[in-house]
Amino acid sequence: MHFKTSFGFIILLLTVLSCQQKNIETQEIAIIPQPNSIEVSKTFFVLNHTTGINYDNIFEISADFLKSYLESGGIEVKSGNNITFIEDKNLQKEAYSLNVIEDSIEIKASTDQGAFYAVQTLRQLLPVEFENASFKGNQVNIPSVVIEDSPQFAYRGMHLDVSRHVFSLEFIKKYIDAIAMLKMNTFHWHLTDDQGWRIEIKKYPKLQEIAAYRDETLVGHYSDQPHQFDGKKYGGFYSQEEIKDIVAYAQEHFVTIIPEIEMPGHSQAAIAAYPELGCTGEKVEVAKKWGVFEDIYCTNDETFDFLEDVLDEVLELFPSKYIHIGGDEAPKTRWKSCANCQTRIKEEGLKDEHELQNYFITRIEKYLNSKGRQIIGWDEILEGGLAPNATVMSWRGTSGAVEAAKSGHNVVMTPTSHCYFDYYQSDNEDEPLAIGGFLHLEKVYGFNPIPEELTSEEAQYVLGAQGNIWTEYMPAEDQVEYMAFPRMLAMSEVLWSDSEQKSYGDFVKRLESFHKRLDALDINYANHLYEIESNIIEEDGEIKLELNSLVKEGKVIRVTLNGDKPNYESRVYTKPIVIDTSRTIKAAVFKFNSNEKLGKTIIQNINYHKGVGGKIIINKQPHKAYSGSGSKGLINGISGSNSRFGDKEWLGFWGEDIMVEIDLGEEKEIKSIETRFYNGNGQWIYAPKEILVAFDNEQYQSFKLDDDGSLISFKSHFLDQSAKKIYIKVQNYGTIPEGKQGAGHKAWTFIDEIIIN
Ligand code: ACM
Ligand code: ZN
């Protein structure tokens, strides 16, 4: 009997036979990324010491991978016809089919890479004990499946910043292993930045002696004032021999490494080693804190000689078609007052420093094109015109991607809103320190790499997407894993699986099962599956708090309201809780019929103020990436997180003045109004300088706001004031000033709950 599932989570019995006893385990088929078509039947292929593999040389890498994988599970494989690799020229490069029946396994592909992906799928049909050589049986029943599979996008990447923190070679290999297991094919290796140069360049020994080390490192978050440092020298670099080893390792896993050598900005470490590369010629230090720095490469010929020499050595090491040349966040301050740079502008007939940036990138592009390579750069390379053959990596939203694709350039999508895995992934306050932001798993899963502004023709230029791991706040390898997993799994599915069939609920079920494989691989993933989502809803004319757990099967939510009995007598949640007073609600997911608590307890403070249940109109839509729970979220009794401006309670507006109108339904006495604005200048977010408040038909009153700290609170008391309607005008900060991240761009406004008492 066959049953077909397009995108299903399947539970089958997998029989594991050991010498003496027979154990029957329940083995879920939980493949990530989900194959495009999978048919499962109730028979099995028996894998044991008699199993033989037959393959041609063109499948050497994938067959070798399979053999050593099986051997690590204690299954010695011989040559024979049980598992066969078959060339099928009709399949596209990365496609495969996998056919498991009772007496054979057939893998079809047109390339070794396609077969490698079939092997990654087959691997996920085997017990997780194969991952860490802890399998004790001598036979495995592999469920019969017919799988036809191919990727949606050609570029499926993960990035890693090794400048802010440097990681061991073993870790880099482990990262590549995971990329390959998830059928991703690109590792973007961010090798140079202000805080450290990490690639050995033989011609320039001071890059190793000086640029690879900083004297000390910022402690805590950048916005904690005053800045404090740890007093410890930090650094290191990868030797060319080590890089060759990593590149060869990646090739055996069909992972292309794109090295990134940043220019013209984020180059302070190189300038620290060779001050003549900067405009002033003065000595600078390898940066000890995070951010954007004004000392960037000068545009004199000596800098280009240096960069060409560096790139020559880079090209020897990395065979990739693309070389990433950075291009982002290059303040033009030094160029404006540099005689060499100003002469360059005149001689080349350039309009300004933005065109000088274009000159810089285009000149490097020409050099790399002459060596048969292509450049890829962050979307700032669009400034002052785009280098003719460049591929754009769009990170500041998607407008760079749209502009590039419309003018016929390839793009890779990495918008901060969906691809920055250095952002917080949970609004639990006890998450490890992160840069800020909020990007939960579901949002990554829901990412569509094709911007909606593109026609289907233009969409062809979108090669794919990538998750970025910037490591300012990740000093340790297990923390990198915590931030990367499971968001990377969601990204793999965004890029590989058919978007028409995607289901977050189904993904989450497979992920819950996949946790065991990640455990076996000793990957320190974040587990937020047992967290509770709470929403304020209106039902039957009442305000209620609705609780939901992501994973429901075999689990219950237990709640305690303040004033109730202690936790152990908490009750099982069955329906939304009526909110008619301020209260604190605690809730957690438990195993069904058990006292075993699975996730963390959430504590929801509900402030039942006079605005709750009112009507609210905002004259502008929040930005679609930061629309929280909509305008209602500003008067739902729940305040936003202190650090995660992307959560459900904050609303983000980009560059716009907004006008909020709250209708309380009837005239009420008003003693105070308060709210908060986020002020994360590193993320281009600025609190307004003033806000205006009016009641009913009265005049607006103006209130000036502080500009100190990452959260700006507003609270004003009123005497003898009553009103039915409240109007609040929030003026956008305006253009981000010179010297700050995002200078020259519009600032964001983020507003929290408006509390009316
Ligand atoms: C970037 O995040 N500066 C590309
Ligand atoms: Zn200069």
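The values are calculated or read from the model by the stated rules, or taken from the named source; none is laboratory data. What you see is a predicted model, and the numbers here were worked out from it, not measured in a lab. Cβ: placed from backbone, ideal geometry, glycine included. Neighbour counts: every protein chain shown.
Can you name the residue in segment 397-415 that is more than 12 Å from ligand 1 (Cβ to nearest atom) and of a type in the set (Ser, Thr, Tyr) and is also farthest from residue 444 (Cα to Cα) among such residues?
Among those residues, the one meeting the criterion is 407.
Please go through segment 728-740 and give me each residue that is buried (at least 18 other Cβ atoms within 10 Å of the Cβ) and among the hydroxyl-bearing types (Ser, Thr, Tyr), ordered by number.
Of everything in segment 728-740, just one residue is buried (at least 18 other Cβ atoms within 10 Å of the Cβ) and among the hydroxyl-bearing types (Ser, Thr, Tyr), namely 733.
If only one of 363, 373, 344 is away from ligand 1 (no atom under 16 Å from the Cβ), more than 25 Å from residue 294 (Cα to Cα) and among the charged types (D, E, K, R), which one is it?
Answer to the selection: 373.
Identify, from the list 276, 252, 260, the residue that is touching a residue at least 12 places away in the same chain (Cβ under 8 Å) and in contact with a Gly (Cβ under 7 Å, 6 or more places away or on another chain).
After applying the criteria, what remains is 260.
Does residue 408 satisfy the criteria of being among the small types (Gly, Ala, Ser), in a loop (DSSP other than H, G, I, E, B) and more than 17 Å from the chain's Cα centre (by Cα)?
Here the answer is yes, as residue 408 does meet what is asked.
Taking segment 278-303 as the region of interest, how many residues are within 33 Å of the chain's Cα centre (by Cα) and not charged (D, E, K, R)?
11
With the checklist (1) in a helix (DSSP H, G or I); (2) more than 16 Å from ligand 1 (Cβ to nearest atom) in hand, flag the one item residue 418 doesn't pass.
(2)
Here are some residues: 453, 431, 458. Which one is without any contact (Cβ under 8 Å) to a residue 60 or more places away in the chain and under 30 Å from residue 169 (Cβ atoms)?
431
Quick one: which residue in 333, 362, 343 is more than 13 Å from ligand 2 (Cβ to nearest atom) and of a type outside the set (Lys, Arg)?
Just one listed residue meets the conditions, 362.
Search segment 588-621 for residues being in a strand (DSSP E or B) and among the β-branched types (Val, Ile, Thr), and hand back the single one that is surrounded by the most Cβ atoms within 10 Å (Cβ to Cβ).
So, considering only residues that are in a strand (DSSP E or B) and among the β-branched types (Val, Ile, Thr), the one surrounded by the most Cβ atoms within 10 Å (Cβ to Cβ) is 589.
Residue 287: in contact (Cβ under 8 Å) with a residue 24 or more places away in the chain, closer than 19 Å to residue 203 by Cα and more than 14 Å from ligand 2 (Cβ to nearest atom), yes or no?
Judged against the criteria, residue 287 is not a match.
Look at residue 394 and say whether it is surrounded by fewer than 21 Cβ atoms within 10 Å (Cβ to Cβ), free of Cβ contacts under 8 Å to residues at least 24 places away in the same chain and either of a type outside the set (A, V, I, L, M, F, W, C) or away from ligand 2 (no atom under 16 Å from the Cβ) (or both).
For residue 394, the condition - surrounded by fewer than 21 Cβ atoms within 10 Å (Cβ to Cβ), free of Cβ contacts under 8 Å to residues at least 24 places away in the same chain and either of a type outside the set (A, V, I, L, M, F, W, C) or away from ligand 2 (no atom under 16 Å from the Cβ) (or both) - is not met.
Looking at (1) surrounded by fewer than 21 Cβ atoms within 10 Å (Cβ to Cβ); (2) within 16 Å of ligand 1 (Cβ to nearest atom); (3) not β-branched (Val, Ile, Thr), which one does residue 312 not meet, given that it meets all the others?
Looking at each condition in turn, residue 312 falls short on (2).
Has segment 306-329 got any residue that is within 12 Å of ligand 2 (Cβ to nearest atom) and assigned to a loop (DSSP other than H, G, I, E, B)?
Scanning segment 306-329 turns up no residue that is within 12 Å of ligand 2 (Cβ to nearest atom) and assigned to a loop (DSSP other than H, G, I, E, B).
Against the definition (assigned to a loop (DSSP other than H, G, I, E, B) and in contact (Cβ under 8 Å) with a residue 24 or more places away in the chain), how does residue 385 come out, yes or no?
Yes, satisfied.
Give me the residue from segment 459-500 that is surrounded by fewer than 19 Cβ atoms within 10 Å (Cβ to Cβ) and either at pLDDT below 95 or charged (D, E, K, R) (or both) and, out of that set, nearest to ligand 2 (Cβ to nearest atom).
It comes out as 477.
Residue 606 - would you say it is of a type in the set (Val, Ile, Thr), out of contact with any Asp or Glu (no Cβ under 7 Å at 6 or more places or on another chain) and under 24 Å from residue 675 (Cα atoms)?
Yes; evaluated as a whole, the condition is true for this residue.
Restricting to segment 237-296, and then to whatever is within 16 Å of ligand 1 (Cβ to nearest atom) and part of a helix (DSSP H, G or I), can you tell me which residue is nearest to residue 173 (Cα to Cα)?
Applying the filter and picking the extreme gives 269.
Take the residues of segment 453-489 that are away from ligand 1 (no atom under 16 Å from the Cβ), aromatic (Phe, Trp, Tyr) and assigned to a loop (DSSP other than H, G, I, E, B): which is nearest to residue 515 (Cα to Cα)?
So, considering only residues that are away from ligand 1 (no atom under 16 Å from the Cβ), aromatic (Phe, Trp, Tyr) and assigned to a loop (DSSP other than H, G, I, E, B), the one nearest to residue 515 (Cα to Cα) is 485.
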